[in-house]
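Okay, so here's the structure we're looking at.
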Amino acid sequence: MKSRYNPVLVAVILLGLCCALWLNWIRYEIENKNDTVEMAMEYENLRKLAALEGLAEDDVMVSFRDAGITTLMVFDSTLDRLSKNGVLFVAEGSELRQAALFGSSGGVFAPVMDIEKLDKNSVYVAEGNDKKSFDEALEDLCLRYGESRVKLIETEPRIAKVSGSTPLVAEDKFDEPLGLWQAPLGLSTADMRKVAAMGFKIIVRPCNYTSVNKGQINSVFERIENFKDKITAYMPCGNDVLGYPDNIEYTADKMKAFSAPDGLKLVLLEHYTQLQFVRIKGLIPLAEAVDYDAVRSYVIDPLEQKKLPVSEALRRWALTDEERNIRVNYIRPFFIAKEGKSLLDMNLEYVKNITQNVKNRGYKIGEASIFRNPDDDGTVYFPNKLALIPIIAAVLAGAVLYLSMLCSMKMRTQILLWAIAVCGASCLLLFGRGLMLRQLVALMAAVIFPVLSIGVILDIWDKYENSGESLGGILLGSIWQLALAVLLSLLGAAFLSAILADSRFLLEIDIYRGVKLTFILPVILFALLYIRRYDLLGVMGKGRALLTDRISELLGTAVSFKHLLFFGVLIFIAYYFVGRSGHTGGVPVPAIEIKMRLFLEQIMYARPREKEFMIGHPAFFMAAFAAYKGAPRLWQFVLSCGAVIGQGSLVETFCHMRTPVIMSLMRALSGYAVGVILGAIAVIIIAVVLNLALNYKRRYLGND
């Protein structure tokens, strides 16, 4: 035992564990305080809903406010929207020319109805009843297109001529160049005033400018400064953030200096794959520049929402805040009536149910909270680098322990190797950014400790081989042995969680990069360890030449259909196993599995992962049964590799840093509980089948 587990390295691991548990407790406190969810909708969507139902806009807004909506999103105005809302009078030059040909007076455009002077490739904008809105539109047009394209051609009433393209683009083609009608202008103070007066908070969504300059950025902040007590956050709109590419730092400075209580938060909209964020240029640099004063938001993709029943949409909202640290619920209404209800009633019930689900899970409704330091000094959370060194030392100690089990190594050599690695890693951490190092250490923790945990279990199984233990004794032993394996694997999970626990990872601005390797490497490393430990190749102590001969013999083996079938099954399993990992794997989820997931979500605090309770933990029970009964070593090897899959999946759960650490822990424990049940059932079935087979052999083959 001493030669396998260096007591100095074990002590280092225990010391590092204490530090990891402390940092994980801090993380838990931070996540626990981050408990306020903002319920947001688009102001224009409420206006559209009111128009479709033929209801007063104010009444619809009050209804949704009472249903739980706290915040409305205000976008840039457009000439199309201002015209439809009756704020301005807007007409294309080609339309006015045609009207002039038919002898029309032109109404408000009468002063410019000279067919010789009307430009068909321009838009004419006339002042309505709201003088302020015309002033803003004229300012925005100049900022957006330049004064050379915007001319005030009449003063009574005021009429402006804007040169440019006018064709309309379909809603699903907004990635194409937009004409004057649909192009963003600027935030409307009338819209913000209306939203604020109705008791809502505001999330502003201005678009960036072409060749943006500081003056254009200033214009945005000057306009929203008048509503400083109501505006909670800025959420980018379009393909890039305000200030991209050269003035992102300036935008960040303006956001941090904004007069609201905590500046202007940045809203990060989760990508539809639920991995990081919608692709917006400059988003991550802006998040860094505002010192990660940001919150995560989720919205159901509008094209997908059209196909979803309301019940499925509600199920998604029930999980999103708790599982992915979403703090702005970006809710889009349904515009197709379902379930025999009016659009208004259906959407109000939808919002009420989402609000109630949020409250039922222990969250408050209000302005979105962010990840703050536990001492409430107002800054976002980043641990002291010195606190990470004991954790790095512990993970490296685990790696050296594995190497010592794979290759004979004196204790003094182990300690020397560990000390050199720790010194090098500490220098990289303290004198550099340390991000790549932390990613590497997290990967090592994720792949090494599942292997070490099953390695400890092998020591136990070796003692009980051919012990004549009863089936009940094997089951009881398997239960506590799996619990021990889970506990040892959780060491790696604790190290991984602690080394990556900062606001950057909690917001998922950075992610754990080794998800696929976390599934594959533990099995490979364990297979090497098992082959070395039990000399499956029969070469221990017989020299390198024999190993070379064995490999040559293996490569020279004639391939039969049986071999092809066996390897085909292995390739399929590997494809399914790895392809199902991550967010973008191409392997579809069967319908029956989806139903099982829904059932487990309803009855358990956190749904366990299938790789644990359906593969890894049952394989552990069967491996224990095989070890106790002295089954052929090849069967023990295959089943033990299956057991490692469960332990690796358990640790991989903690790689998703956006998921609260307490939920990841509960998911691991839930997987253990379900895995024990399925594992016990599997062993009982195998025992019964083997017993029947043995009786059959005695009865019918005894005389052969």
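The table for this structure:
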| quantity | calculated |
| --- | --- |
| Single unsatisfied condition, residue 178 versus (1) open to solvent by 70 Å² or more (accessible area, probe 1.4 Å); (2) modelled with pLDDT under 80 | (1) |
| Identity of the residue in the stretch 329-371, open to solvent by 20 Å² or more (accessible area, probe 1.4 Å) and among the polar types (S, T, N, Q), that ends up farthest from residue 54 (Cα to Cα) | 369 |
| Qualifying residue in the stretch 27-37 (condition: open to solvent by 50 Å² or more (accessible area, probe 1.4 Å) and either hydroxyl-bearing (Ser, Thr, Tyr) or in contact with a Pro (Cβ under 6 Å, 6 or more places away or on another chain) (or both)) | yes |
| Among the candidates 217, 300, 284, residue that is outside any loop (DSSP other than H, G, I, E, B) and without any contact (Cβ under 8 Å) to a residue 40 or more places away in the chain | 217 |
| Residue check, residue 637 among the hydrophobic types (A, V, I, L, M, F, W, C) and at pLDDT 90 or above | yes |
| Pairs where the first residue, in the stretch 605-619, is β-branched (Val, Ile, Thr) and the second is at pLDDT below 80 and open to solvent by less than 50 Å² (accessible area, probe 1.4 Å), C-beta under 9 Å, 6+ apart | 615/577 |
| Unmet criterion (only one of (1) open to solvent by 40 Å² or more (accessible area, probe 1.4 Å); (2) of a type outside the set (Ser, Thr, Tyr); (3) without any contact (Cβ under 8 Å) to a residue 24 or more places away in the chain; (4) more than 19 Å from residue 647 (Cβ to Cβ)) for residue 480 | (4) |
| Residue that is surrounded by 18 or more Cβ atoms within 10 Å (Cβ to Cβ) and at pLDDT below 90, where the choices are 74, 112, 125 | 112 |
| Contacts under 7 angstrom Cβ, first residue in the stretch 382-395 being in contact (Cβ under 8 Å) with a residue 24 or more places away in the chain and of a type in the set (Lys, Arg), partner part of a helix (DSSP H, G or I) and open to solvent by less than 40 Å² (accessible area, probe 1.4 Å), 6 or more apart | 385/429 |
| Residue in the stretch 374-404 that is most open to solvent (accessible area, probe 1.4 Å), counting only those that are polar (S, T, N, Q) and farther than 20 Å from residue 268 by Cβ | 384 |
| Filtered residue count, the stretch 220-235, keeping only those that are at pLDDT below 95 and in a loop (DSSP other than H, G, I, E, B) | 3 |
| Test: residue in the stretch 308-328 that is in contact with a Cys (Cβ under 7 Å, 6 or more places away or on another chain), open to solvent by 10 Å² or more (accessible area, probe 1.4 Å) and in a helix (DSSP H, G or I) | no |
| Tabulated pairs, the stretch 52-65, first over 15 Å from residue 342 (Cα atoms), second of a type in the set (Ser, Thr, Tyr), C-beta under 9 angstrom, 6+ apart or interchain | 61/43 |
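The values are calculated or read from the model by the stated rules, or taken from the named source; none is laboratory data. What you are looking at is a predicted structure, and each value in this text was computed from that prediction instead of being measured. Because the Cβ atoms are built from the backbone with ideal geometry, glycine has one as well, and the counts that use them run over all protein chains shown. What goes into the accessible areas is simple: the full protein's heavy atoms, side chains included, and nothing from ligands, DNA or RNA. Shrake-Rupley method; radii C 1.70, N 1.55, O 1.52, S 1.80 Å.
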